[in-house]
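In what follows, a single structure is set out as structure tokens and then discussed.
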Amino acid sequence: MKTAIHMIITLFVIGSLSGGFLSYIANWASPKIIQHRQEDTEKAIYTVQPKCKKTEKVKAAFELYRVFSESGDTLGYAMPVEGNGFQGKVRLMIGVTKDATELTGLEILEQSETPGLGQKIVEEDFKKQFANLVTNPLVEWIKGSAPEKKNQIQTITGATISSKSVVEIINTGLETLRTSLNDGGIK
């Protein structure tokens, strides 16, 4: 009986110390994680909008950045969007023209797709398909053959679900952006 009580007290002390230590580490790391996430977002703006010289965060119901040329003309928008992939959340940065009819680029900000397969969505061969891609009608995916239309991309063999998820996330983001542009929800 004494041994059982001694073991319970020992486990309680070890568990409490471990939990407190993990809580301390999480509180210490949280601001750094937020800062790095924001830095990655800002860097991705210039990746998806290669002609961008200046950005401005737009007042909207969602995260959106207006991008400007060197002369101050509006080039379009950069928009972080996220949704479900095959393994978990996928967070993207998309660049679009100011009328939201063409993508200017795609960058994968965060993903947890299957190593060796779904993770191929971060490779340049996949991402470059989205540069200058027409978005009206919405982006489509095709499997096993080359794209025939200006709004199509080819899925990755062995990672079809991850590829389709990226297209779905982009289309959802585009619909949100277009609705706000048409309703005057972007200031």
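The values are calculated or read from the model by the stated rules, or taken from the named source; none is laboratory data. Source: prediction; values computed, not measured. Cβ atoms come from the backbone with ideal geometry, glycine included; neighbour counts cover every protein chain shown. Areas reflect the complete protein model, heavy atoms only, side chains present, ligands, DNA and RNA absent. Shrake-Rupley method; radii C 1.70, N 1.55, O 1.52, S 1.80 Å.
A few points about this structure:
- Leading residue by the ranking (farthest from the chain's Cα centre (by Cα)) among those in the range 129-139 that are surrounded by 13 or more Cβ atoms within 10 Å (Cβ to Cβ) and of a type outside the set (V, I, T): N136
- Flag for V67 being closer than 18 Å to T135 by Cα, in contact with a Leu (Cβ under 8 Å, 6 or more places away or on another chain), not in a helix (DSSP H, G or I) and not acidic (D, E): no
- Qualifying residue in the range 93-104 (condition: among the hydroxyl-bearing types (S, T, Y) and at pLDDT below 85): no
- Residue check, I33 more than 16 Å from K98 (Cβ to Cβ), part of a helix (DSSP H, G or I) and modelled with pLDDT under 90: yes
- F21 of a type in the set (F, W, Y) and either under 18 Å from the mean Cα position of the chain (by Cα) or not in a helix (DSSP H, G or I) (or both): no
- When I34, I25, I5 are screened for being among the aliphatic types (A, V, I, L, M) and exposed (fewer than 10 other Cβ atoms within 10 Å of the Cβ), only I5 passes.
- Flag if G185 is open to solvent by less than 50 Å² (accessible area, probe 1.4 Å), assigned to a loop (DSSP other than H, G, I, E, B), over 21 Å from G83 (Cα atoms) and at pLDDT below 85: yes
- Yes/no for E107 being on the phi < 0 side of the Ramachandran plot, open to solvent by 70 Å² or more (accessible area, probe 1.4 Å) and among the acidic types (D, E): no
- Qualifying residues in the range 71-104 (those that are over 21 Å from V134 (Cα atoms) and more than 10 Å from the chain's Cα centre (by Cα)) - the one surrounded by the most Cβ atoms within 10 Å (Cβ to Cβ): G85
- Of all the criteria given as (1) open to solvent by less than 10 Å² (accessible area, probe 1.4 Å); (2) in a helix (DSSP H, G or I); (3) of a type outside the set (S, T, Y); (4) modelled with pLDDT under 85, the one not satisfied by K120 is (1).
- Any hit, the range 10-27, residues being closer than 30 Å to Y65 by Cβ and without any contact (Cβ under 8 Å) to a residue 12 or more places away in the chain: yes
- Sub-6 Å Cβ pairs linking a first residue in the range 126-140 that is basic (K, R) to a second residue that is not in a helix (DSSP H, G or I), at least 6 apart or interchain, are K127/L106, ordered by first then second residue.
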